[in-house]
Each structure stands twice: as structure tokens, then as C-alpha cells.
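This report refers to the structure that appears directly beneath it.
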Amino acid sequence: MSRNAKKLLSFLLVVVLAVSVLLAGCGNKNTESNSNINTSKQEQTATNSKDPQNLHFKSDKPLEFTMLYSDHPNYPYKEDWLLWKAIKDATNVSLKLTIVPMSDYSQKRSLLISSGQAPEIIPKTYPGQEIPFVASGAILPISDYINEMPNFSREVKEWGLQKDLDTLKQADGKFYVLPGLHELYTMQYSLAIRQDIFEKNNIPIPNTWDELESALKKLKEIYPNSTPMSDRWQGKALLLNAAPTFGIPVSSSDGLFDWTGANVLYNSSKDDWEFYPTSSEYKDMLTYFNRLVKEGLLDPETFTQTDDQAVQKFVTGKSFVIMTNTQEIQNMINRMNETLGQGNFKVTQIVPLAGPKGAVVAGSRLENGIMISAKAKDDPNFHQMLKFIDWLWYSEEGETLTKWGVEGVTYQKVNGKFQLMPDVNYMNLNPSGTKNLQKDYGFSGGVFCLLYGGPKDLAESMMTPEVAKLEEEVNSTRKLLPPPPPVPLNESQREQYNMLNQPLADYVQQMTYKFITGVASLDKDWNNFVQQCKAQGADQLVKLTNDVYKSTKDKMK
């Protein structure tokens, strides 16, 4: 073959190869081979060999992801918040927000997901709120992608959260919400007392429900025109606090008196599920609170009054005990400075009371987190998105950014400890500050960070000395009950469950309040209550729950 012929053949081979590559690129992008190639390239791009643990995420090119944003009325969204610039500077990622008022967030989120118009990142989603969207395939099974999220995976492993995470699994053995994580169990809700009144009258701070009853009796003797305890939140937080100490195995994310209305609860000693509102433990709890009402120690309006009415009674000195949380107590103190005068009172939040079943608390170290829209996987930068989420929400560096802000601008380190800059205030940590970390800068908002979430040291960095002392006492003197195992109902089972449970939950709540306030008699009406629960399907509800639990529990491990 001549030299010219060889050159011509070589040229033709190059042309054929080029055309083949071009045709392959113009072919069906959804073929399995091309999909695998694209995924491989994306994963290579998203993986930084110099930082395999994703401790310092930053994209090589500018990226933009869409995100749903819950706009809080106490710190309304501002386009020029330092938060957005700080995220962009740290990660090279911009967020295109769909802004929704907090009051409409759940409804708007549902509408957007159902219509296929949801942004890629859907934060502020509490475990359980993802369930309605699982069957339609509108959100991703995020458990399929955890191997690409090293910060999240590390926290789950190091903090012993796998069993908690397992409670999120659905019928397919996967979970669809990426929860917020706590290293430290942080107790939010417990009773607040007028400690100055207790001290003035030599009344010991109660440690048990029986000691509380004794304290209330002494207060009633000394202040006969008062009702020593008048509560808020229709008594739901009060009963949720008491329930586990009376042997009713609730948890904060799937509790008897929280917003889910669950009545079938897990009995760990029997490894099955039972209908607890008709149990002896439940009756004992109702008997206790009914006695407080009968003796004029607990205001019967607790279960009907507005929160403001309950707080007003406390801040004006008409009651001395009320349920609170670690944030709300400061709001009450601020109001009392106006009504009673600063320095004329002392309010203290006490540890959850112990009961007949011991000094136990029911709760979870999981909190609201993130759903990811199914369409996000079609984003060419999807795997970078996973790394971005993993860094911003689960790395200590990312959590520090969204919580404290920018060092030298909103905070400084003094002897290794976080401290707000002199002109910045938040949660009364620096009362003289003229600027607010949330309102003026956008940091420490509920969309990105948990108030006391993340690593223990970071969680404690935002606590006042009073809150830090309370949390240390809770963790050292109270036992956190383990979370109940998952019962992954499929769509038809869930529909059946809801049809049985909703009327039962309404009836139980109605009768609970009647028994406590004395409208119904625990002596005369209890047996009829039990029979009515059975007539409304309590046994069927228990059977459905246990059937699903027993048939799926091996799959959930």
C-alpha cells in the first residue's frame, strides 16, 4: 500500500470514529448506557478526592439550585441578608427560592409537590410529613443516596442514631426525608414555676408529679383566690410530658397528644402494639389530673383557653405554674418585666417530672429536615446538590455558618468559645446588641439550622447558662426512652388506618378532657368509654398495626 493510500485510510478512520461519537451524542439520552456514562461523570465531578469527607464543600463552577423557603414572621425574608452571600462565598452555590409564609407552608408545599411544581430542595419537613408523597414517586427515596453524604452518615454512626433513622422507613424499606440530627438530646417542653413564690413560702421545687401536687396544695392554702396551675396549648404538652412517666409509651414525633393523634402505641416488653387510651396506665394519668382539677389546683380552662389567656394569668401572678419551652420562657419573662417589674420575680423552667414509672422522657433526636423532589435527579448537577446539602446542613463548618454567621461580622471566638459581636443580639445572648442575628442577617433561621441541633458543642454554644444547666440536668437525671420501631403502612393500609384512627382520636381527646375536668366520671363512665372505643374500631386498628409490624419488621432492620 502506498504512503498516500495509508494517509487516506488513516484519515477515513478518524472521520468514521468522529461521526460515530457525534451520532452517539445525538442519540437517545435516556438509554441505559448513556445514563450510566452521565451518572459516572457527575459522580466524578461531585467527588473531591482531596476532601472525601466533604468537610469543606465548594463547587468549581457557579451552581444554582431551587429551594422552598418558609418565611418566618418574626424575621421576614430579605434578599440582601448576609446569609445568602455567605452561602455563595463558601460553596459557589446560589439558591433560587420559592418563598412561602410560614402559616401556609404545609399547604403550599403539598400543592407544589402534587402539581409537580415543587423546587428541588424542600426543607422544614418533619418526619411523617413526607408520607403523603411517597406513593406518587414525587419525592426521592433519599436513603438511596446516603453513600454520597459523608457528613450525614458520620453523624448517624457516631451519635448512635441508626435506630432512630430506621423509624423513618416506609413499606419499601427506604426513607424519604433527610432529618435534622441532634448529638445531644435536648428537652424543649417542661413546666415553668414562679421560683420566687416557691422560695418565699419554703416550698421545695418538685421533682415528681406527687411533689407537684403537694406544692400546688400549699400554694392554694397560701393564695386561696388563685388557681396555682393554669396551662396553655390546650394541655397537650402537659399530658405528653406526663404520659411516659405513667407508662404510656409515646414519643415526641409520634405521640399520643401531639398533632398526629396516634393512640396505638408500642409495648416494648411485649413487642407488640396496643390501644393505650383504655389501659390502666391511661386511667391512672387521668385520675391524677382529675384530682388536681377537683381540688382547685389545676384550672379546668387549661383545655379550652387560648395560649395568650394562659400566659396572661401567669405573667400577672394569677397562676404560678405553666408549661413552657426553652424559647417561650424568655417571652414570658419579657412580659413579666412589664407587668410585675424587672427584679420583682424569678421564673425557672424545671426538669420534666418523674412519675409512677420513673424519671423517663420520651422524645427523639431527629427533627425537621429535607425532602428532595424527584425531578432533582434530572438536574445535571444533582450529585453536587447532594454534596451541597450534606455540607450545609450536616457538616460542622456548614452548621456553624448557618447558625452563627460570619466570623468577625456576626460572631467572634473568645478563648475558643463562640460569642456574638458587641452590636449583635440573639435569644438574649447579648441584650445590648442593636442588630439581630435573624432579622438583620438571616442566620439561625429554622430553615437551615436547628436551635440546639448538630454537634453537642455547637448546640450548647447557643444556650443561655440557664438552658445549658437545665439540659445537663435532664441528660444526667432522666432516661430517654428508645424510639418505637417503624410500622410501614402501604397506601391502602394507611387509608384504612386513618379511617379507623381519626374518629377514634377525636373521641379519645374529647373524653380525655371530659374525664379530667369532671364532665365525665371515671367511676361511672369509664367502662362505657372502653366499649365505645371498641365499637369505633380500636381492636381492628390494633390488629392492622400488629399485622403490618410483624410482617415487615425483618425488612426494617
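The values are calculated or read from the model by the stated rules, or taken from the named source; none is laboratory data. None of the values given here were measured: they were computed from a predicted structure. So basically every Cβ, Gly included, is an ideal-geometry build from the backbone, and we count neighbours across all protein chains shown. Note: areas computed on protein heavy atoms with side chains; ligands, DNA, RNA excluded. Shrake-Rupley method; radii C 1.70, N 1.55, O 1.52, S 1.80 Å.
Annotations for the structure displayed:
- Within this structure, D166 passes the test of being in contact with a Lys or Arg (Cβ under 8 Å, 6 or more places away or on another chain) and farther than 27 Å from E397 by Cβ.
- Top-ranked residue of the range 195-239 - restricted to ones that are closer than 26 Å to K357 by Cα, outside any helix (DSSP H, G or I) and hydroxyl-bearing (S, T, Y), ranked as most open to solvent (accessible area, probe 1.4 Å): T208
- Here is the figure for the range 148-194: residues that are modelled with pLDDT of 95 or more, part of a helix (DSSP H, G or I) and of a type outside the set (F, W, Y) total 9.
- In the range 290-317, the residues that are at pLDDT below 95, surrounded by 16 or more Cβ atoms within 10 Å (Cβ to Cβ) and over 30 Å from the mean Cα position of the chain (by Cα): G317
- Filtering the range 416-426 to residues that are assigned to a loop (DSSP other than H, G, I, E, B) and crowded, with 19+ Cβ neighbours inside 10 Å leaves only Y426.
- Residues (open to solvent by less than 40 Å² (accessible area, probe 1.4 Å) and free of Cβ contacts under 8 Å to residues at least 60 places away in the same chain) located in the range 334-362: M336, G341
- Taking each residue of the range 140-162 that is touching a residue at least 60 places away in the same chain (Cβ under 8 Å) and looking for partners that are of a type in the set (V, I, T) and open to solvent by 10 Å² or more (accessible area, probe 1.4 Å) with beta-carbon atoms closer than 8 Å, six or more apart or interchain, yields F152/I146.
- Some residue of the range 471-478 being of a type outside the set (K, R), without any contact (Cβ under 8 Å) to a residue 60 or more places away in the chain, under 29 Å from L184 (Cβ atoms) and open to solvent by 20 Å² or more (accessible area, probe 1.4 Å): yes
- Residue list for the range 117-146, restricted to those being in contact with a Lys or Arg (Cβ under 8 Å, 6 or more places away or on another chain) and aromatic (F, W, Y): none
- First in the range 259-282 and assigned to a helix (DSSP H, G or I) and hydroxyl-bearing (S, T, Y), second anywhere and at pLDDT 95 or above and surrounded by fewer than 18 Cβ atoms within 10 Å (Cβ to Cβ), Cβ under 7 Å, 6 or more apart: T278/V530
- Every test in (1) out of contact with any Lys or Arg (no Cβ under 8 Å at 6 or more places or on another chain); (2) closer than 30 Å to I350 by Cα; (3) of a type outside the set (G, A, S) is passed by Y507 save one, and that test is (2).
- Selection from the range 515-548 of residues that are β-branched (V, I, T) and either open to solvent by less than 60 Å² (accessible area, probe 1.4 Å) or in contact with a strand residue (DSSP E or B) (Cβ under 9 Å, 6 or more places away or on another chain) (or both): I516, T517, V530, V542, T545, V548
- Filtered residues of the range 68-78 (kept if open to solvent by 30 Å² or more (accessible area, probe 1.4 Å) and within 20 Å of E120 (Cα to Cα)): D71, Y77
- The residue that is least open to solvent (accessible area, probe 1.4 Å), counting only those in the range 390-415 that are of a type outside the set (A, V, I, L, M, F, W, C) and free of Cβ contacts under 8 Å to residues at least 24 places away in the same chain, is Y411.
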